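Here is the structure we will look at, set down as structure tokens.
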Amino acid sequence: MALPYKNDEANWVFLMNSASKAARWLGYVPFNRIVDERNASPIIREAAERPEPVPSVWLPNKPKIMNLRDFRPKVGLGWLESPQKYRLAFFGEKVSLETVLGPLAEEFNADLFLDTGEQTITHVHDVAVHAAVDGRELVVFVFRRL
């Protein structure tokens, strides 16, 4: 026999920690249908797309002035693979981490996800979807202030 829903903490905890997560991961409720409006907006910055290989021209070695053949250029492809072979994601529990993690995420071409509290299941799902589309293995770094 099903019990009626009571608007109390025990039922809220059950809905948030069990029912809503199961419904989302099983595909009954889309991840973006449940919105966290208790906390301030997070900082979400996705890394730039992977660079495509670009043609380049270079001299094969230091030219010797006496040998004119050394000045003939060679043609080839540069950046045959992405400079970063893994997709990187930085997660942080506080938006105040942006001053430190923001420049690092930019330098290492990493996604940046900073919340005012714990990461939401929606953000975790978004990272997984983007990583699947990207095709590279995902490496997640989790940071928190002590």
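The table that follows gives values for the structure above.
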{"quantity": "Candidate set from the range 1-48 (those that are of a type in the set (Gly, Ala, Ser) and in contact with a Ser or Thr (Cβ under 9 Å, 6 or more places away or on another chain)); member that is farthest from residue 109 (Cα to Cα)", "calculated": "40"}
{"quantity": "Residue check for residue 73: loosely packed, with under 11 Cβ neighbours inside 10 Å and modelled with pLDDT under 70", "calculated": "yes"}
{"quantity": "Hits in the range 81-126 - residues which are over 26 Å from residue 30 (Cα atoms), in contact (Cβ under 8 Å) with a residue 24 or more places away in the chain and among the hydroxyl-bearing types (Ser, Thr, Tyr)", "calculated": "82, 86, 96"}
{"quantity": "Some residue of the range 63-70 being modelled with pLDDT under 70 and of a type in the set (Asp, Glu)", "calculated": "yes"}
{"quantity": "Single condition residue 96 does not satisfy, out of (1) over 25 Å from residue 37 (Cβ atoms); (2) over 14 Å from the mean Cα position of the chain (by Cα)", "calculated": "(1)"}
{"quantity": "Residue ID - modelled with the lowest pLDDT, chosen from residues in the range 4-59 that are exposed (fewer than 11 other Cβ atoms within 10 Å of the Cβ) and among the acidic types (Asp, Glu)", "calculated": "52"}
{"quantity": "Count - residues of the range 104-125 that are exposed (fewer than 15 other Cβ atoms within 10 Å of the Cβ), part of a loop (DSSP other than H, G, I, E, B) and either of a type in the set (Asp, Glu) or touching an Asp or Glu at 6+ places or on another chain (Cβ under 8 Å) (or both)", "calculated": "2"}
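Matching residues to (1) at pLDDT below 90; (2) more than 23 Å from residue 21 (Cα to Cα); (3) in contact with a Lys or Arg (Cβ under 8 Å, 6 or more places away or on another chain):
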position: 95; (1), (2), (3): yes, yes, no
position: 101; (1), (2), (3): no, yes, no
position: 109; (1), (2), (3): yes, yes, no
position: 116; (1), (2), (3): yes, no, yes
position: 123; (1), (2), (3): yes, no, no
position: 140; (1), (2), (3): no, no, no
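The values are calculated or read from the model by the stated rules, or taken from the named source; none is laboratory data. Here the structure is a predicted model, which is why all the values come from computation and not from measurement. Cβ atoms come from the backbone with ideal geometry, glycine included; neighbour counts cover every protein chain shown.
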